[in-house]
Amino acid sequence: MSKAETAPPVVMPAASGTADEAPIMKTYAPPAVTLVRGRGMELFDSEGRRYLDFIGGIAVAATGHCHPVVVAAIAGQASTLLHVSNLYGIEPQRELARRLAPKAGRDFRAFFCNSGAEANEAAIKLARKWGHLRGVGQGTVITAENSFHGRTLATLAATAQPKYQKGFEPLPSGFKHVPFGDLAALEGVLTPDVTAVLLEPIQGEGGVRFPPPGYLRGVRALCDTRGVLLILDEVQTGCARTGRFFAFEHDGIRPDIVTLAKALGSGVPIGACLARGEVAAAFEPGNHGSTFGGNPLSCAAALATLEVIEGERLAERAEAMGNYLQKELKRLQGKVATIKEVRGLGLLIGVEFHEPIAKDLVKAMLAHGILSNATSETVLRLTPPLIITEREADAFVAALEACLALHPALKSGIC
Ligand SMILES: Cc1ncc(COP(=O)(O)O)c(C=O)c1O
């Protein structure tokens with residue numbers, strides 16, 4: 001008998017099974033609901049239940065679900081040209097670069113890819129190539145503890161959180177980590193091997209953590225003094241979420257390289273690495289590339305997303321609604337002792353609790369028709385679509401209050 005004949009039969013689950021019976025690798029915990037339809041701030045599950053979305057696909061659905069301008073652009077491009085290789089000119093890609101790159105700086109240039117991790121990979125490769133050409137450092141990149149830069153091997157090495165790295169060793173070398181927000185510590189590790197510093201302006205996955213005021217300006221000055229590059233990862237903070245198109249605009253500085261993804265395509269995968277001209281020039285034909293990166297469909301979606309962000313003044317809206325939601329959450333904090341801190345900028349908001357109740361709250365809020373997200377046992381992170389109304393913000397705060405009132409740990413007198 002041949003090997004193939006003796007091998008045990010492969011048992012496939014029924015095709016019509018539930019999501020967790022489907023043959024999908026278990027990289028995410030089993031989902032509580034299956035979402036099938038969305039419009040604006042609303043999502044509907046397979047049972048027809050309605051939810052208000054305070055996750056927004058983790059900061060992706062900035063324009064709201066299925067914005068008609070974005071849907072029309074995708075449909076129009078889909079029936080015109082879905083994909084051609086970067087071996088040829090791609091009009092929507094050129095147009096997107098013309099619209100997007102100047103937002104980062106006058107002579108900035110764009111490289112397009114498909115995700116945040118890929119945008120950061122491109123940034124790290126570009127910085128190293130620039131450093132080798134200019135004789136700056138030996139390719140070492142400094143990143144911050146508690147950061148998140150992606151799940152590819154290089155971005156995992158950049159992500160200074162052992163919980164994500166464990167089990168995937170050996171990780172690529174050339175990364176050093178410092179405490180976030182500590183300028184003196186950064187100065188201490190800026191040794192001659194360093195080529196670049198890579199930071200999130202606000203740590204999103206790390207629990208909506210802010211550096212002290214003036215930190216980014218200090219980092220910029222240190223990088224300038226030492227002649228190394230400053231790379232900002234705006235994958236989560238970018239595209240108007242914090243009330244400016246880029247979060248770095250709040251600090252009045254400009255990085256040498258900035259990365260975007262998440263909200264850029266309103267849900268169609270696209271990432272971007274934007275670099276100032278002299279740095280961007282380090283890439284020559286053949287140095288980097290991506291089959292799908294910058295293809296007509298994703299660029300059409302991103303162009304429409306920019307049109308909506310600008311046309312509906314979503315940065316201003318994120319600022320106003322972020323202030324409103326934070327004010328209401330702080331009002332609740334005045335009534336509920338377990339809320340330790342409400343912090344945020346625009347519509348990137350963290351609610352920290354004294355007790356480890358955040359994950360329970362996510363489940364309880366779901367039953368109230370609210371989708372929310374916990375970055376840890378003690379922090380709820382809110383990244384709703386930027387089109388949110390005061391009424392929807394009020395619904396969130398009311399549901400949170402109701403869920404806190406019912407939580408057994410709090411009822412038993414911890415709070
Ligand atoms: C700041 C930051 N950088 C990079 C990434 C990775 O992006 P992606 O999941 O699109 O690879 C994320 C994702 O959460 C992020 O928040």
Ignoring ligands, DNA and RNA, please state the percent of accessible area on the stretch 78-175 from carbon and sulfur, probe 1.4 Å. 54
Averaging over all projection directions, find the projected area of the Cα convex hull of the stretch 317-415 and quote it in nm² with one decimal place. 5.3
Whole-number D in µm² s⁻¹ for the chain, Kirkwood Cα-pair radius fed into Stokes-Einstein, 37 °C, 0.692 mPa s: 145
Charges on Cβ only, +1 for Lys and Arg, -1 for Asp and Glu, centred on the Cα centroid of the chain; of Pro102, Thr63, Thr338, which one is farthest towards the dipole's positive end? Pro102
List, largest first, the extents of the alpha carbons of the stretch 299-353 along their principal axes, each in whole Å. 47, 18, 11
Of the listed pairs Lys163/Lys330; Lys125/Lys176; Lys125/Lys262; Lys26/Lys125; Lys340/Lys363; Lys26/Lys166, which have alpha-carbon separations greater than 23 Å here? Lys163/Lys330; Lys26/Lys125
What ratio of Cα Rg to 2.2 N^0.38 Å holds for the stretch 139-245? 1.03
Volume of the Cα convex hull of the stretch 82-151, divided per residue and given in Å³: 147
Hey, how many Å between the Cα centroid of the stretch 285-325 and the Cα centroid of the stretch 341-415? 27
Among 325-336, 187-198, the order from most to least packed when residues are scored by Cβ within 10 Å on average: 187-198, 325-336
Computed lengthening from Glu307 to Tyr28, 0.36 nm per intervening residue step minus Cα-Cα distance: 97.1 nm
Mean accessible area per residue over the stretch 60-101 (1.4 angstrom probe, all protein chains present, square angstrom) is 54
What does the convex hull of the Cα atoms come to per residue for the stretch 255-334, in Å³? 140
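The values are calculated or read from the model by the stated rules, or taken from the named source; none is laboratory data. The model shown is predicted, which means the values in this text are computed figures rather than measured ones. Here Cβ is always computed from backbone atoms with ideal geometry, including for glycine, and neighbour counts include all displayed protein chains. These area figures cover heavy atoms from the full protein model, side chains too; ligands, DNA and RNA do not enter into them. Shrake-Rupley method; radii C 1.70, N 1.55, O 1.52, S 1.80 Å.
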